[in-house]
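The values are calculated or read from the model by the stated rules, or taken from the named source; none is laboratory data. Quick caveat, the model's predicted, so the values are computed rather than measured. No Cβ is skipped: glycine too gets one built from the backbone with ideal geometry, and neighbour counts run over all protein chains shown.
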Amino acid sequence: MAEAKTTAPAQTNPAAEPPVLEVTDLKKHFPVQSGVLRRTIGHVYAVDGVTFSVGRGETLGLVGESGCGKSTVGRTAMRLLEPTAGSIKLSGVDVTHLSKEELRPYRRQMQIIFQDPFSSLNPRMTAGEIVKEPLYIHNIGDNASRQEMTKALFDRVGLRQAQMNNYPHQFSGGQRQRIGIARALALNPHLIVGDEPVSALDVSIQAQVINLMMDLQEEMEVAYLFIAHDLAVVEHISDYVAVMYLGRIVEYADKKTLFRNPLHPYTEALLSAAPIPDPTIRREKKILQGDVPSPVNPPKGCHFNTRCPYAEERCFVEAPILKDKGDGHTVACHLR
Ligand code: SF4
């Protein structure tokens, strides 16, 4: 398939320390197998060459419709999935090809919070055991100190210590996500990947969990890769935003720039569909036609050409590369 560089520039790091996470030309292609012999007949191009970085204490929001590959980016960056190509660096150390054993010390540095707080918690373990588990796995402290650390984590995420003996079903959705956050924080990670961490929660609870994550970030300088389809949530929490479409980053900018001046037709359409809290502001609606095409057989040229109102001949043969439009605002479109 046509090669396209989908490079979002690395953010500048004032202290010249390496980014907490640096992903370069990352690809994840899943084989499609068929028949009794399970022959590979094609590939799902879930992630097709993405580059970005996240610095200490920063949040990069990764947005796009479902099926655009954003969750696969998060899981591959954490080495929960093996990358097909590209490199992953954690605080300057290349972890792309480390074995399971070699990766172990780096696992402590990166944690994930999942979308569904219920199914991601073991129903047979108490909340205290769930939060304490990573401390056991990484052999940190003794029984007494682990207990103290767990109590402190419960305090930190706004849960009562008395709730440590309760089981996940005894908590509300928002409280369960707090347990997930406490578990993620147990090892003092440098990076947390939030894979749609508030999508399953009511709006009022979403705000509480997001505010908690922001407070914890300020306190601990943890970096977030925040994956979401809800633009309002991304706007609230992110410093930088990368917009993904069919396995590629199509636009990248700091939050203010992206929301004020979206350049890619896909970003424009996503923003125009998002509700505005101020009723006096009117925005022209640009309705996206159709669904995201299959990543097994993505369109030639620009992946967005089947839905783009501006598509012209060139868009069907040549994949646009990300161009810098100034101040690190990059966009992959022939016309912008
Ligand atoms: Fe639309 Fe062409 Fe730009 Fe792609 S390159 S977003 S099809 S105008």
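Take the conditions in contact with a Phe, Trp or Tyr (Cβ under 7 Å, 6 or more places away or on another chain) and either at positive phi or touching a residue at least 40 places away in the same chain (Cβ under 8 Å) (or both) and apply them to D195. Does it pass? Against the criterion (in contact with a Phe, Trp or Tyr (Cβ under 7 Å, 6 or more places away or on another chain) and either at positive phi or touching a residue at least 40 places away in the same chain (Cβ under 8 Å) (or both)), D195 qualifies. Could you tell me whether region 221-237 includes any residue that is in contact (Cβ under 8 Å) with a residue 40 or more places away in the chain and under 19 Å from L335 (Cβ atoms)? Scanning region 221-237, I find no residue that is in contact (Cβ under 8 Å) with a residue 40 or more places away in the chain and under 19 Å from L335 (Cβ atoms), so the answer is no.
Evaluation of V209 against the conditions (1) surrounded by 21 or more Cβ atoms within 10 Å (Cβ to Cβ); (2) in a loop (DSSP other than H, G, I, E, B) shows that the sole unmet condition is (2).
For L103, are the conditions met, namely being under 25 Å from the mean Cα position of the chain (by Cα), surrounded by fewer than 19 Cβ atoms within 10 Å (Cβ to Cβ), among the hydrophobic types (A, V, I, L, M, F, W, C) and assigned to a loop (DSSP other than H, G, I, E, B)? Taking the combined requirement at face value, the residue does not satisfy it. Residues that are at pLDDT 90 or above and in a loop (DSSP other than H, G, I, E, B) within region 262-279 comprise P262, L263, H264, listed in sequence order.
If you go through region 280-298 and keep only what is within 13 Å of the ligand (Cβ to nearest atom) and either outside any loop (DSSP other than H, G, I, E, B) or surrounded by 13 or more Cβ atoms within 10 Å (Cβ to Cβ) (or both), you end up with K286, L288, P293, P298.
Of all residues in region 307-322, those that are more than 25 Å from T24 (Cα to Cα) and among the aliphatic types (A, V, I, L, M) have Cβ atoms under 6 Å from Cβ atoms of residues that are near the ligand (Cβ under 6 Å from one of its atoms) and assigned to a loop (DSSP other than H, G, I, E, B), 6 or more apart or on another chain, in A311/N305. Across region 240-267, the qualifying residues are those that are of a type in the set (D, E, K, R) and within 16 Å of the ligand (Cβ to nearest atom), and the one among them that is nearest to Y310 (Cα to Cα) is E251.
Pairing residues of region 148-163 that are touching a residue at least 12 places away in the same chain (Cβ under 8 Å) with residues that are among the acidic types (D, E) and not in a loop (DSSP other than H, G, I, E, B), at Cβ distances under 6 Å and at least 6 apart in sequence or on separate chains, gives no pairs at all. Please find, within region 299-330, the residue that is surrounded by the most Cβ atoms within 10 Å (Cβ to Cβ) out of those that are among the small types (G, A, S) and within 11 Å of the ligand (Cβ to nearest atom). Checked region 299-330; the qualifying residue surrounded by the most Cβ atoms within 10 Å (Cβ to Cβ) is A319. Go through (1) assigned to a helix (DSSP H, G or I); (2) out of contact with any His (no Cβ under 9 Å at 6 or more places or on another chain) and name the single condition K89 misses. K89 satisfies all of (1) assigned to a helix (DSSP H, G or I); (2) out of contact with any His (no Cβ under 9 Å at 6 or more places or on another chain) except (1). Checking P123, P83 one by one, the residue that is surrounded by 16 or more Cβ atoms within 10 Å (Cβ to Cβ), of a type outside the set (A, V, I, L, M) and touching a residue at least 12 places away in the same chain (Cβ under 8 Å) is P83 and no other.
Tell me, please, whether a residue that is surrounded by 14 or more Cβ atoms within 10 Å (Cβ to Cβ), more than 16 Å from the ligand (Cβ to nearest atom), at pLDDT below 95 and in a strand (DSSP E or B) can be found in region 228-239. Yes - at least one qualifying residue is present in region 228-239.
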